[in-house]
1. Restrict the check to region A:121-128 and report whether at least one residue is open to solvent by 30 Å² or more (accessible area, probe 1.4 Å) and under 21 Å from A:Leu46 (Cα atoms).
2. Looking at region B:144-160, can you tell me whether even one residue there is open to solvent by less than 20 Å² (accessible area, probe 1.4 Å) and within 14 Å of chain A (Cβ to nearest Cβ)?
3. Please give the number of the condition A:Glu159 fails out of (1) more than 16 Å from ligand 2 (Cβ to nearest atom); (2) closer than 26 Å to A:Ile62 by Cα.
4. Do we have any residue at all in region B:114-123 that's hydrophobic (A, V, I, L, M, F, W, C), in contact (Cβ under 8 Å) with a residue 40 or more places away in the chain and surrounded by fewer than 19 Cβ atoms within 10 Å (Cβ to Cβ)?
5. Taking B:Leu109, is it surrounded by fewer than 17 Cβ atoms within 10 Å (Cβ to Cβ) and either in a loop (DSSP other than H, G, I, E, B) or assigned by TED's automatic domain parsing to the domain that holds B:Phe174 (or both)?
6. Quick one: is A:Val142 more than 16 Å from ligand 1 (Cβ to nearest atom), farther than 13 Å from B:Cys185 by Cβ, of a type outside the set (Gly, Ala, Ser) and within 33 Å of the chain's Cα centre (by Cα)?
7. How many of the residues in region A:65-115 are within 10 Å of another protein chain (Cβ to nearest Cβ) and among the hydrophobic types (A, V, I, L, M, F, W, C)?
8. Can you list the helices (runs of 4 or more DSSP H) lying wholly within region A:30-133 that have 3 or more residues being more than 21 Å from A:Ser2 (Cβ to Cβ) and either out of contact with any Leu (no Cβ under 7 Å at 6 or more places or on another chain) or among the aliphatic types (A, V, I, L, M) (or both)?
Amino acid sequence: MSDLTLRNVIKSYGSTKVIHGVDLQVRDGEFVVFVGPSGCGKSTLLRMIAGLESITGGEVAIGGEIVNDISPADRGIAMVFQSYALYPHKDVYGNMAFALRHAGVDKAEIDARVQRAADILGLRDLLHRRPKELSGGQRQRVAIGRAIVRDPKIFLFDEPLSNLDAALRVQMRVEILRLHQRLKTTMIYVTHDQVEAMTLADRIVVLHGGRIAQVGTPLELYHHPDSIFVAGFIGSPKMNFLEAALTGWSQEGAHVQVPSLGEIVVPVSRQGGSERETGARLGIRPEHVQLADPATAAMRGEVLVVERLGGETYLHLDVGAADPFVVKTDGAVSARSGEHVGLAFPPHALHLFSASGAAFPHRERHRTLAEPQGA
Amino acid sequence: MNTPVRTARARTSRLRRISGTASVHAVLLGYTLIAVFPVFLVMMNSFKDRRGIFGEPLSLPHAGTFSLEGYATVLSEGSFATYFGNSLIVTVASLFLILFLGAAAAHALAEYRFRFNALLKIYMIVGIMVPIRLGTVAILKLMVDLNLVNTLLALILVYTAQGLPVAVFILTEFMRTLSRDIKDCARIDGLSEYRIFLEVVLPLIRPVLATVAVFSMIPIWNDLWFPLILASSDATKTVTLGVQQFIGQFTVNWGAVLAALSIAILPVLGLYALFSRQLIAGITSGAVKG
Ligand SMILES: Nc1ncnc2c1ncn2[C@@H]1O[C@H](COP(=O)(O)OP(=O)(O)OP(=O)(O)O)[C@@H](O)[C@H]1O
Ligand SMILES: [Mg+2]
């Protein structure tokens, strides 16, 4: 069994607390991704799981065994670092074999394991090169190979792809995914790239200021963010937010008044929201907005910038709000800056957040939302 | 494409580049001449007889002035081999201690957070700023008490103390720039803290160790002060002290002095060649990103 449990895990450096009581349960074989803005404590949490950082409070358990006081080498984990961290004076083979040699594994067994890892990662021809004779992608592969060879209970990755260029990053992302399918080992992966998080994770853990903001499958987080922070963090381009005033509740949901939009009904339930609450924020993802005839549309905006990516086009609009309102449209859209366009959005794609930033839950779960929006 | 204007411009830019390179080389050559000239003078004159040395000090030895009498005196002087051996033992042993202890201390200062870390670092800097010779009297007293006067160990200890502060200072600064990940990786691989130092950190800092070795070595080899005070017995004399026997109160055997100095240069050159290979090796590249 190689599940991982964090119980009220706390980390302080002197008097500054950087992890404020994290609870998390990772199942055997699960691929969990930690995301969050820079400095939110992702690496710190991962390093605490690895045993490289002492645990100020709480418990970390691997496979049911509390490992707080167990050394990194005996926790049954392997870690892949952003900087690769290869031993420069050893060749690829030596790098991969090092831990095993040190653990006193016999030669034939080491050789078998290294060859197997080299096969999985396509490193066969590079086994006798030094790290400085390898490209970035090859180095990262060696670092992953070094982890595979140890046959760990849990793989830990700390932003392993962020030193690679964009094309290589996509390629390695797929390789890591295939590696997980093949090994079926528990993996914890830290990134601040939310595309990596969405594509790799079975479940995503969004961290914010040393606390877990939300845990869920990628689509849960996408469709049902718990808070305005998660809503803004997951999804690219970012969700649009509009100031709104809550005017009342009815059978259909919340009635809100939005300056550029008039009064609309958002199909959410009141759960948690207070009776007197009036301030709110309306959220809508760029890909859920549709262009409409300006004469009859619910909302209008002036095009500020047109970003053409080929297959799709992002329009940045001035709708009278503080921030530009972004709309994702078809690649062939003819809009030009200065033009006025009309906007429409299906009510169930709207998100409503209270003034404190908590989301009002949707009345229907995302089954309806997951269907193609034609965006 | 290749208009006359363009070729002309290309030519002037090439000229400018050549003249730039030439001036850089001129400066370097000039410096080399100034630095090497005294050494050359010593070596050249060591092959002349007494008359040659005083009569034509700046000319190369020729049939009239050539003589190996200086070398003959030095080599026939039986104890000179001992002096030489003493110098080598003292230099190599001190260097080893400076490098090993310095690297170990630097590793601890750079890697671990502990209470007196900052204080220790300041202590080291004070050690750089205060010349060790100010403590000569106290050192002599200490060595007398420890019964170490007229032993090579006394010199080794003093030179180690003299070399350590700078070594620790430089190595600490360098070790701070080492990737933390690679040490963490070794921790996950199951290495003890000692083996991380020996097997991961030391190989990474080889070029810097060589640098520190080169400039710690010269003052030790050349020192006259401490051998004179702490180890002037015939069995423990170093080369620099041994040379003094040719410098009498009334007459100086210049041939022998110059010959002894010429021979004394050789081991230092050898050690330098050994370390400079390391300097160039630049082994760190490729360890981490880049
Ligand atoms: N040794 C330390 N002493 C004091 N504070 C630290 C130390 N290491 C990290 N921190 C603080 O802990 C917080 C979390 O750092 P951490 O490295 O885990 O962030 P991160 O989420 O990995 O960020 P990034 O995406 O930039 O890597 C930061 O605010 C950082 O300043
Ligand atoms: Mg980090």
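1. Within region A:121-128 (the criterion being open to solvent by 30 Å² or more (accessible area, probe 1.4 Å) and under 21 Å from A:Leu46 (Cα atoms)), the answer is no, since none of the residues qualifies.
2. no
3. A:Glu159 satisfies all of (1) more than 16 Å from ligand 2 (Cβ to nearest atom); (2) closer than 26 Å to A:Ile62 by Cα except (1).
4. Looking for residues that are hydrophobic (A, V, I, L, M, F, W, C), in contact (Cβ under 8 Å) with a residue 40 or more places away in the chain and surrounded by fewer than 19 Cβ atoms within 10 Å (Cβ to Cβ), one finds none in region B:114-123, hence no.
5. Details: surrounded by fewer than 17 Cβ atoms within 10 Å (Cβ to Cβ): no; either in a loop (DSSP other than H, G, I, E, B) or assigned by TED's automatic domain parsing to the domain that holds B:Phe174 (or both): yes.
The answer is no for B:Leu109.
6. Here the answer is no, as A:Val142 does not meet what is asked.
7. 12
8. A:92-103, A:107-121
The values are calculated or read from the model by the stated rules, or taken from the named source; none is laboratory data. None of these values were measured; they are calculated from a predicted model. Every residue, glycine among them, receives a Cβ derived from its backbone with ideal geometry; neighbour counts consider all protein chains shown. Just so you know, the surface numbers come from the protein's heavy atoms only, side chains and all, with ligands and any DNA or RNA stripped out. Shrake-Rupley method; radii C 1.70, N 1.55, O 1.52, S 1.80 Å.
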